[in-house]
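The values are calculated or read from the model by the stated rules, or taken from the named source; none is laboratory data. All values reported here derive from a predicted model rather than from experimental measurement. Ideal geometry is used to build each Cβ from the backbone, glycine not excepted, and the neighbour counts take in all protein chains shown. Calculation scope for accessible area: heavy atoms of the full protein, side chains included, ligands and nucleic acids excluded. Shrake-Rupley method; radii C 1.70, N 1.55, O 1.52, S 1.80 Å.
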Amino acid sequence: MIPHADEAITRDGKALILAYDHGLEHGPVDFDPNPATADPERVFELAGHDAVTALAVQKGVAEAHYDDYADDVSLLLKLNGTSNLWMGEPDSAVNCSVEYADELGADAVGFTLYGGSNHEVEMAEEFRDAQEAARDRDLPVVMWSYPRGQGLKDDTAPETIAYAARLGLELGADIAKVKYPGSPEAMEQATSMAGPTKVIMSGGSKTDDLAFLQTVKGALDGGAKGLAVGRNVFQRENPEQILDALEAVIFGGSEPREALREANGEVHDAALD
Amino acid sequence: MIPHADEAITRDGKALILAYDHGLEHGPVDFDPNPATADPERVFELAGHDAVTALAVQKGVAEAHYDDYADDVSLLLKLNGTSNLWMGEPDSAVNCSVEYADELGADAVGFTLYGGSNHEVEMAEEFRDAQEAARDRDLPVVMWSYPRGQGLKDDTAPETIAYAARLGLELGADIAKVKYPGSPEAMEQATSMAGPTKVIMSGGSKTDDLAFLQTVKGALDGGAKGLAVGRNVFQRENPEQILDALEAVIFGGSEPREALREANGEVHDAALD
Amino acid sequence: MIPHADEAITRDGKALILAYDHGLEHGPVDFDPNPATADPERVFELAGHDAVTALAVQKGVAEAHYDDYADDVSLLLKLNGTSNLWMGEPDSAVNCSVEYADELGADAVGFTLYGGSNHEVEMAEEFRDAQEAARDRDLPVVMWSYPRGQGLKDDTAPETIAYAARLGLELGADIAKVKYPGSPEAMEQATSMAGPTKVIMSGGSKTDDLAFLQTVKGALDGGAKGLAVGRNVFQRENPEQILDALEAVIFGGSEPREALREANGEVHDAALD
Amino acid sequence: MIPHADEAITRDGKALILAYDHGLEHGPVDFDPNPATADPERVFELAGHDAVTALAVQKGVAEAHYDDYADDVSLLLKLNGTSNLWMGEPDSAVNCSVEYADELGADAVGFTLYGGSNHEVEMAEEFRDAQEAARDRDLPVVMWSYPRGQGLKDDTAPETIAYAARLGLELGADIAKVKYPGSPEAMEQATSMAGPTKVIMSGGSKTDDLAFLQTVKGALDGGAKGLAVGRNVFQRENPEQILDALEAVIFGGSEPREALREANGEVHDAALD
Amino acid sequence: MIPHADEAITRDGKALILAYDHGLEHGPVDFDPNPATADPERVFELAGHDAVTALAVQKGVAEAHYDDYADDVSLLLKLNGTSNLWMGEPDSAVNCSVEYADELGADAVGFTLYGGSNHEVEMAEEFRDAQEAARDRDLPVVMWSYPRGQGLKDDTAPETIAYAARLGLELGADIAKVKYPGSPEAMEQATSMAGPTKVIMSGGSKTDDLAFLQTVKGALDGGAKGLAVGRNVFQRENPEQILDALEAVIFGGSEPREALREANGEVHDAALD
C-alpha cells in the first residue's frame, strides 16, 4: 500500500463500497428476491447516495452506464471475476486490463485473490501485473482477499481472515476486503495484521437491518475502515434507508439502533426500543 | 457494451446475422442436405439481401471473398472457432486477431464464450484481449454466449440462457447471441438480465418455415433484438423467401403467417390458412 | 486464402512441391532405402527440375544450402515439425518464425495442423500467428492439414479428408495439403469443400511408378491442383524420370501410361502396354 | 555473480540481512510469540541498527514504509513468495517486478529457488528474467536457494546444501542464502562449491542466544559471509542486544560468549561463564 | 547451420570444447574425485591451453570469471540446464538469454535438446527463439542433442545418435554434440545424417587415457569434427597432458598411442608400447 493512495474511494479514511458484480459471479439467481435489481441503472442511482464512496462493477456494466453517472459516482472497476457455472479449484478470469479501466474513468481497481487455491500462485502473479499497472496510473488497489480452495477447511476462521488481511499488506493492496471473522476481536486480529493497509468487511448475504448494522459496528470496533456491500443494500425495498443508517454508523460513529431509528425517520419502530 | 456501438451491424436497433462458420465448427456434414451450400460465394450473395445486417464468417472465408462483396455486405468476423474432430472440454481456438479482422474490412467481431467449461477462465481472458482491441478500433463485439461443459446439465434451461445473456453484459459484449430458451417468457428473463446489451437468438438446426418464424417471433416478444441464423436459411431451396419473411417479422413487426404469405407471393399456401 | 497469393509456388495454378522434412519427422530410417538421399544437396539439385514448383524443407536445411540454389528453386519453408522419438497426442514444434523464414529467402511458408488432436486448439492459434505474419510479408501459406489423434478413427476417410480441406479454407491457407482419400470422387468431395483454397495431394510412401501416377491423376480428376511428394521421388534410382512423368500428368494433362512412356524415353517398357 | 556487485548490501564483504517476509510465507502464526512484531515499523526501526546491512521485505511492506527509512536502511526487495495456505509442490509467485523494485528504491533483489521441486525449471526461468533485469539496473541478486519438493529426502543434508550453494553460483546470484547444514565442515563444503558467490546462512526458527550465536560462528568458520535472520531477532524481547552480539561475531570476529557478554553490558550472566 | 558460422569456436574446422556445467547438471558429486576442480578458475586456466577452442559454462560462472580470461578463452555460453535434484521427464531451464550471453562476451551459445522427451516440443520452441536471436548477433549455435525420456529405450543406439545428429541439421545448429554411439561406423552414420552441420562427440565420464583417446580417434574416423569434454580432462591430475594428446589427435592427426607418448614427454610408458 502507498500512504494516501486510497483517497479517491474513501472519505475521512473510511469506505463504503457498493459492490455489484453478482450478475457475473452468481448469475441471475442473486436478483431473484427483487428482479428489478438486475438493472444496473438502479444501482448506479443508489451509488449516488452520499454514503457510498465507490461502486464496484465489471467492465461491461461500466461501459454501458458509467458515463451517465461519472459526476456522482466513484468507479471501482473490478478487474477479475468469473461465473459459477464451472467447477474446480477457485480461479478468476482477468476480464479487464488496468489500461482500459483507466480509459473507462475508473477511480480505483479491484482484484480477487483466492489464497489457498491451487491457482494462488498464478492469481498472485496476475495481481502483480494489475497492481503495478495501477501504480503507474495512480489508481488505488482493492484486494478481495478470499482464501478458499482445496487447502482451506474454514474460510472465515479468525486465523484465515487474519492471513487474508496480511496478504493485502504484503502484496501491495491499499485496501483489503475480507469476510467478517465473527467478532470484533477476530476482526481486530485481522486489522492488526494488515498494518496501514485498510481492511474492510465484505457484506455477505442479506440479513435483517439491525443484525447487519451490528455486524458492521463490530467490524469497525475491530479496526475495520468500512464495508463493501451488495445484496444487503440493493435487495432491500428501501435501500436508501439502510444507506442512511450505514452512513451514520461508519462515518458518524452512531450506534446501530440509533442510526436505524434516524434513518427510519419519524416512524416509531418498536423493534428498535 | 458501449451505447450505439452496434450500429454497424444493426438496423433500427435490430439484427439479422447470417452465420456461416459451419464448415469449421461442424465440418462438411452440415452441407450434406444441399452440397452447393459449401460454396461460400452462394452465402455471400444471400448476405446481400436487405434483411441481412451482417454476415459472420471465419478469417479464411473473408480473405477469399469479402473484397467482392464489401459494398453490399457487412462483415462480422468470427475470431475464434474450432472443429468438432477432437474431444474434451469445450474450447475454441482464436483463429484471427482483431488487427487482422480490421485489415480485412470487418465491421464487427464475434467471439464464442463457453461459460461453464473448464476453459471458461482462459476463454474469458482471450475475450478480454479481443474486446479491448475491438474497442481501440471502434468495432462492435458480438458474444456467442453458449454455456456448456462438464458443469452444465441443460444448456438451454431458462436460468442458463439468462446467465449467458448476463455474461454478455458483464464482460462487455454489445450483442449477446444465445440459444432460444424455449418460450417468450424465458427469453424475457434473459433479455432483462442483459441490460442494454442486445440479445439475439441463435437459429439452431433447420425446421419448417412457420415453426421457425414463430420461434423468432417468440424471441422478439421476449425482448430479443433479432436473430443469428445459418442452416435455417442457407439450407433452404429458396433462402431469399425465408429472408423476406424474416425481414417482415424482425424489422416490420409482421405476424409469422402473414409474413410467410407475403414472402411466398401470389402462391396460395393452404398450410398458412 | 487470398486470391493469387499462391503464385510464387505454383505454375498455371498448379503445384508440384518436393517435400524433404523426413529427417526431422521420421528420422534416418526414411533414408535407409537409399542412404545418399540423406544429403540435402541431392534434393536441392532435384528441386531445380522444371516440374518442381517449390521445395519444402525445415529451417536448418535452408540455412545450409538455399543460398546456392536460390536462383533455381522456390523455397517453401516448413515452419513447424517434430521428431517421432516421443509419444503422445500429435503436436508439432514451431521451429522457425515467419520473420526468419523471410530472411532466409522463403517464397512461401508451410504449417502442419493436426485437426482432431487434443493439441488442435493450440496448433490452430500458432497457425494464426504464422498465417498473419505471412500475410504481412506477402508469403503464401500452405497447410499440411492432417487430422489425427485420439478423436480420429480413420485419418484418410473421405469425410475426414473433406473436413481437412475445409479447415484449410476456413483458417486462411492458400493451399491445403491432404492425404489422398482413396478415389477421385472422394477427392472431389474434399476439393469442393475447400472453395478457392487449392487442394494438393500428399505423396505418401514409395509405390511403383504407374500406380503412383495413376493416384496423382485420380487426385487431379477430383479437382486437386497438384502434389506434394517426397519419398516417391527422392528415393528412386531415377528421380528425374518420375519428375518428367509428373510434369506431363500435372501440367501437361497426359495420361499416366503415356507420361511414363515419354519419360522413359526410347526404352520400350512392356509393363506400360 | 559479478565481482563487487553485492557491495550495496554488504559491509567489509559480509552481510547481516534482516528478513521479514513471514507474514506472507507463514502467516500471522509467526507473530504469535510477540504480536507487536506484526507491525512492520518495528522491524524497520530495528533495521536501522548498525549491524544490519539490509532489510528483506515484500513489495507491499516496502511501499508502506520504506520512504520513511530510506536514509537508514538498505532495502532488499524479495521478488517472489507465497502463502502456506495452499498445498502442492513448492512454488513461489513472482509478486514484484525488478522495474518496480527499483522504483521503490531497492538496493538489491531477492528470489527463492526451490531446486528439486517439480516447478524448478519454471522457477529458474523466472529467476533468469529477474536476474537479467537486475543486472540492467546494477542491483545485486540474492538467491534463497532452498532445495525441496518431491525429489528431496533431506533438505539440510550437507550434499543438498552444497548443491544449493552451487546453484547460486551457476545461475548468477551474487549471494546465496542457504540453510545451515549442521556443522562448519558441511558449511565449508557448501562455500567451496559457490566459488566467489557469497554464501550466507539462513537463521531458522528461534533458539536461545548462545546456541544461535554459536551456529552463526560455525557458519562463518565454514566460510559463510554472514547471516539472514528473522524470528531469531525480531521475536526477542531485546532484539538490539542480539544484533549487538551478531555484529561482534560477524564483523568483529568475536567469540559468541564474549560477544554476548559485551552485548548484555554490565549485567553478569552466569550462564555465559 | 550457416556455412562458416562456427569459426569463432573451431580451428581448421575442428573443435575441442571444454565443458564445465557439471556443478549445475550433476551437482557437487562430480567434483568429489578432485575437490579442487569445483573452483571455476582452475578450469578457466585450463581453457587457455592451445588445444581448447571454447569453454562451455553457465551464465553465473561466466559472470564471475570470464572478464579475466577473455583474451585467452573463447566463451561458449550454455543457455539452458537444470539440476538433477528433481525427477520427471527430461527438461531444461533456459537460464540465460542470448542478449545477455552476448553482453557477457560469448563467442557462441549452447542449448540442450532432449529429443524424445515429452518436453521435446517445448524445448524445440525455446531452441528456435535462442537460435534466431543468435543469428541476429552472428553467434554460432551448438546443440547438445541428447535424446532421452519416456519414449527412448537406448539413448546411445546408433540409430538414436544418427537421429540426434540430424536434429542438429534440421533445426539449425552449427554444431551438434552427441554421445559416442560405440563405433566409428555408427559415428559415420550420424555424421552422414548431419550434412554440413559439424558433429562432435560428448566426452562422457572419466576413463583411462588411452581408451579415451582411442574413442576420440574412432569418432574422428567416423567423421566427427572434434570433442566436447569435461570430467575426462578436468578430473585428471595432469589435465594439460591429456589436452596435449587430444590436440595431437584432433588437430594433428596423430595416432592415440603416439600422441600420448609425446604428451607424456621423456617418460617411458610401458603401457603404451
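A few points about this structure:
- Listed here are the helices (runs of 4 or more DSSP H) enclosed by segment B:172-258 that have at least 3 residues being within 25 Å of residue B:1 (Cβ to Cβ) and either open to solvent by less than 40 Å² (accessible area, probe 1.4 Å) or of a type in the set (S, T, N, Q) (or both): B:184-193, B:209-221, B:239-250.
- Test: residue in segment A:83-99 that is under 16 Å from residue A:18 (Cα atoms) and under 18 Å from the mean Cα position of the chain (by Cα): no
- Pick from segment B:131-153, criterion facing another protein chain (nearest Cβ under 10 Å) and of a type in the set (Lys, Arg), ranking: surrounded by the most Cβ atoms within 10 Å (Cβ to Cβ): B:135
- Near pairs, Cβ below 7 angstrom, 6+ apart or cross-chain, from segment B:17-28 (facing chain C (nearest Cβ under 9 Å)) to any residue that is among the β-branched types (Val, Ile, Thr) and open to solvent by less than 10 Å² (accessible area, probe 1.4 Å): B:21/B:57
- Residue E:128 at the interface with chain C (Cβ under 9 Å from one of its Cβ atoms), in contact (Cβ under 8 Å) with a residue 60 or more places away in the chain and open to solvent by 20 Å² or more (accessible area, probe 1.4 Å): no
- The criterion of being farther than 22 Å from residue B:56 by Cβ and touching a residue at least 40 places away in the same chain (Cβ under 8 Å) does not hold for residue B:189.
- Residue B:167 in contact with a Gly (Cβ under 7 Å, 6 or more places away or on another chain), within 14 Å of another protein chain (Cβ to nearest Cβ) and not in a loop (DSSP other than H, G, I, E, B): yes
- Any hit, segment B:112-129, residues being in a strand (DSSP E or B) and within 30 Å of residue B:213 (Cα to Cα): yes
- Taking segment C:137-151 as the range and being closer than 21 Å to residue C:196 by Cα and out of contact with any Asp or Glu (no Cβ under 6 Å at 6 or more places or on another chain) as the test, the residues that pass are C:138, C:139, C:142, C:143, C:144, C:145, C:146.
- Flag if residue E:122 is without any contact (Cβ under 8 Å) to a residue 12 or more places away in the chain, surrounded by fewer than 20 Cβ atoms within 10 Å (Cβ to Cβ) and under 27 Å from residue C:26 (Cβ atoms): no
- Candidates D:265, D:223, D:182, D:204 - the one that is without any contact (Cβ under 8 Å) to a residue 12 or more places away in the chain and at positive phi: D:265
- Count of residues meeting criterion [closer than 24 Å to residue C:42 by Cα and more than 9 Å from every other protein chain (Cβ to nearest Cβ)] in segment C:85-110: 9
- For residue D:80, the conditions (1) in contact with a Cys (Cβ under 9 Å, 6 or more places away or on another chain); (2) at the interface with chain A (Cβ under 8 Å from one of its Cβ atoms); (3) polar (S, T, N, Q) are fulfilled apart from (2).
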